[in-house]
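Have a look at the structure below before the remarks.
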Amino acid sequence: MNEKYTPELIKSIAEHIGCGLVCFLNPETIEVIKIPQGLLEENEFSDDDFYQADLDRIEHEWGKTICIEPPESFESFKDMERFARNEIQDKPMQVKLFNALSHGKPFRNFKNIVESSEFRQQWFDYHQLCLEKYVRDQLSAGEWIEYPEEEDEEL
């Protein structure tokens, strides 16, 4: 992986995608632009919108862009399962977490159980490590969007 991708950069991107932001990284300048995932999905920007200006900048000024979106829900679900299975040694708590994951609204139920437990910080630390690994995997894949340079149209 590129040595420009420092642990601090990876941690920062992980924190942002954990909050539902899509991170666009310029691999040459290591600049990151963050846009809420919901706005991108709805694609409802006006010309004077702050985020539209960022998107225009990415498309017209950056040569290459790496887009890192938040993990899919099934990936986050696997992280919760691994946490319950591998990180929690307390059997009653494991049972509670697996019950939460096997019934309706697993994300909400898991969150409610963990956040009111002694394992709250352990989950946050574990989840951050999972997100950082996800970011490193995305950066290692080296998949980027290349925008062609615009040609001046002759009239």
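Listed by first and then second residue, the pairs linking a residue in the range 71-94 that is over 23 Å from PRO36 (Cα atoms) and in contact (Cβ under 8 Å) with a residue 60 or more places away in the chain to a residue that is open to solvent by less than 70 Å² (accessible area, probe 1.4 Å) and among the aliphatic types (A, V, I, L, M), with Cβ atoms under 9 Å apart and 6 or more places separating them unless they lie on different chains, form an empty list.
Scoring SER117 on the criteria (1) of a type in the set (Gly, Ala, Ser); (2) closer than 25 Å to ALA141 by Cα; (3) in a loop (DSSP other than H, G, I, E, B) leaves a single failure, condition (2). Contact map, the range 111-136: residues that are farther than 30 Å from PRO27 by Cβ paired with residues that are of a type in the set (Val, Ile, Thr) and at pLDDT 95 or above, Cβ distance under 6 Å, separation 6+ or inter-chain. Pairs shown: ARG120/VAL114; TRP123/VAL114.
Go through the range 1-35 residue by residue and tally those that are among the aliphatic types (A, V, I, L, M) and open to solvent by 50 Å² or more (accessible area, probe 1.4 Å). The number of residues fulfilling the criteria is 1.
One residue alone among SER140, SER117 is modelled with pLDDT of 85 or more, closer than 21 Å to GLU81 by Cβ and either exposed (fewer than 13 other Cβ atoms within 10 Å of the Cβ) or touching a helix residue (DSSP H, G or I) at 6+ places or on another chain (Cβ under 7 Å) (or both), and that residue is SER117.
Yes or no: ASP54 under 22 Å from the mean Cα position of the chain (by Cα), under 30 Å from ASN2 (Cα atoms) and open to solvent by 30 Å² or more (accessible area, probe 1.4 Å)?
On the way: under 22 Å from the mean Cα position of the chain (by Cα): yes; under 30 Å from ASN2 (Cα atoms): yes; open to solvent by 30 Å² or more (accessible area, probe 1.4 Å): no.
Here the answer is no, as ASP54 does not meet what is asked.
Residues that are of a type in the set (Phe, Trp, Tyr), buried (at least 17 other Cβ atoms within 10 Å of the Cβ) and either in contact (Cβ under 8 Å) with a residue 40 or more places away in the chain or in contact with a Phe, Trp or Tyr (Cβ under 9 Å, 6 or more places away or on another chain) (or both) do not occur anywhere in the range 95-107. Taking the range 1-78 and the helices (runs of 4 or more DSSP H) fully enclosed by it, the elements with 3 or more residues that are over 22 Å from HIS127 (Cβ atoms) are at 37-42, 50-61.
The values are calculated or read from the model by the stated rules, or taken from the named source; none is laboratory data. Please read all numbers here as calculations on a predicted model, not as lab measurements. Neighbour counts are summed over all protein chains in view; Cβ atoms, including those assigned to glycine, are modelled from backbone coordinates with ideal geometry. For the accessible areas, the whole protein counts, side chains as well, though only heavy atoms, and no ligand, DNA or RNA atoms are used. Shrake-Rupley method; radii C 1.70, N 1.55, O 1.52, S 1.80 Å.
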